[in-house]
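The values are calculated or read from the model by the stated rules, or taken from the named source; none is laboratory data. From a predicted model like this one, the values you see are computed outputs, not experimental measurements. In this analysis, Cβ positions are derived from the backbone assuming ideal geometry, glycine residues included, and neighbour counts consider all displayed protein chains.
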Amino acid sequence: MKGLYIHIPFCVKKCSYCDFYSLPVRTDTIESYVQAVLKEANSFPLSQRRTKGDFSLPLSLGAKRGNLREEEHLTSQASFQTLYIGGGTPSILGPKNLTALITGLSKIFTPVGSGLEPDRPAVGEESSLGLAESNIELNPESATPQFLQTVKDLGFTRLSFGVQSLNDKELQSVGRIHTAAQAIAAIKLAKKLDLQSISADLIIGLPGQTWTSLHYSLQTLVGMGIQHLSVYCLSLEAGTPLGNNPPPDLPTDDLQAALFEETRNYLITCGFAHYEISNFALPRYECLHNLNYWRGGEYLGLGTAAASHLNGERFKNRTDLDAYLENPTGQIEDVEELDPKEKAAEEAMLRLRLLEEGLNTDELTAKFGSANTSDIIRCLDKMVQEGLLLQTGSACRLKPSRILTSNPIFARVLED
């Protein structure tokens with residue numbers, strides 16, 4: 001499976017904890033940005049063998065500016081089965097610009113619908129966009145009824161709401177501009193429109209947060225029928241307002257860990273699987289696009305600051321909006337070609353993030369060869385002996401008690 005990611009860098013206001021590439025919205029540039037993304041997408045030579053359910057284009061980075069011979073157009077291709085529009089705040093596009101983006105992408109890659117039945121598909125089946133999964137992130141204040149109806153009409157299968165908390169004081173403490181009431185209203189409307197799969201982001205460790213306030217957020221969202229929750233522990237990033245001036249009522253690290261454990265226990269009792277370090281889902285509602293990342297799959301990123309992984313190469317666009325608007329096809333930097341041993345180590349690390357699926361060492365060796373995996377497997381065996389990992393047959397998994405202290409484990413995998 002391969003994914004297509006579109007980065008929308010605009011926000012009404014940057015949150016005090018955020019260190020992602022995002023900028024205050026400039027309404028005069030949104031339409032231009034959409035056209036720039038489409039121009040970048042169109043710069044990739046297209047395969048003539050399009051199939052239902054795929055966005056298709058050749059794999060080679062070196063060939064992606066139109067240098068392939070005709071026969072290569074027909075054979076060297078990557079098919080995208082998932083679409084994820086993230087940010088920033090994608091819902092800031094509004095109905096008109098979102099429609100222009102999806103319509104333009106469908107003309108470049110494959111027609112919207114691809115002849116599929118118009119009925120709502122079951123989770124994991126193709127949507128009317130012709131993809132296994134199509135995602136968009138939304139913030140409650142910009143998830144208007146008109147925008148949500150457009151999302152439904154365009155055939156998106158999955159919505160991800162940036163809720164963060166359902167306590168207004170906690171939201172205000174980190175500069176979120178929506179209220180708890182707006183978040184609840186937006187999710188209720190999405191449910192009323194029968195939008196297929198709804199996820200919400202929550203943050204643990206917000207200023208003044210207690211288990212009482214966190215439990216209310218969790219209980220309310222689960223009660224509304226949310227099928228997926230991404231739960232992140234607040235991190236104080238250097239250079240952010242919150243990192244520069246931490247408030248005195250931040251939960252301690254120990255309290256943050258206790259809140260996460262309480263959250264994990266509560267969601268598991270509600271039928272959610274803790275399938276990735278920060279992600280919980282009801283059965284069959286896991287995010288396919290992100291699973292592709294964690295399984296070491298390939299993806300193309302379009303837009304300023306977007307990263308890609310294709311044909312063993314990693315590359316990203318510069319974090320420069322004005323330069324991107326001026327020349328969207330000339331922004332690639334940091335091209336890196338991973339050798340098989342590096343790629344094996346990276347995939348091992350990523351798969352260990354999958355708490356239930358874990359890493360199958362037999363499959364890793366079959367994919368990359370014993371010469372490239374023997375050191376990794378010795379490292380894993382040692383960590384099993386040390387009690388850091390669990391092993392069942394050829395499958396290695398993180399111990400639940402190591403979930404919040406997994407970074408040193410990942411570092412050892414990458415180093416060995």
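Miscellaneous remarks
- Whichever residue in segment 72-130 is polar (S, T, N, Q) and modelled with pLDDT under 80 and, among such residues, is nearest to Phe161 (Cα to Cα): Ser127
- Any hit, segment 232-246, residues being modelled with pLDDT of 95 or more and surrounded by 19 or more Cβ atoms within 10 Å (Cβ to Cβ): no
- Number of residues in segment 264-292 that are among the hydroxyl-bearing types (Ser, Thr, Tyr) and either assigned to a loop (DSSP other than H, G, I, E, B) or outside the structural domain of Ile226 (by TED's automatic domain parsing) (or both) equals 2.
- So Leu148, is it closer than 20 Å to Lys96 by Cβ and surrounded by fewer than 21 Cβ atoms within 10 Å (Cβ to Cβ): no
- Scanning segment 389-411 for residues that are in contact (Cβ under 8 Å) with a residue 24 or more places away in the chain, in contact with a helix residue (DSSP H, G or I) (Cβ under 6 Å, 6 or more places away or on another chain) and not aliphatic (A, V, I, L, M) returns Ser394, Cys396, Phe410.
Residue-by-condition table, conditions (1) farther than 25 Å from Ala41 by Cβ; (2) part of a loop (DSSP other than H, G, I, E, B); (3) without any contact (Cβ under 8 Å) to a residue 24 or more places away in the chain:
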site	(1), (2), (3)
His309	no, no, yes
Lys316	no, no, yes
Asp322	no, no, yes
Thr329	no, yes, no
Val335	no, no, no
Lys341	yes, no, no
Ala345	yes, no, no
Arg351	yes, no, no
Asp362	yes, no, no
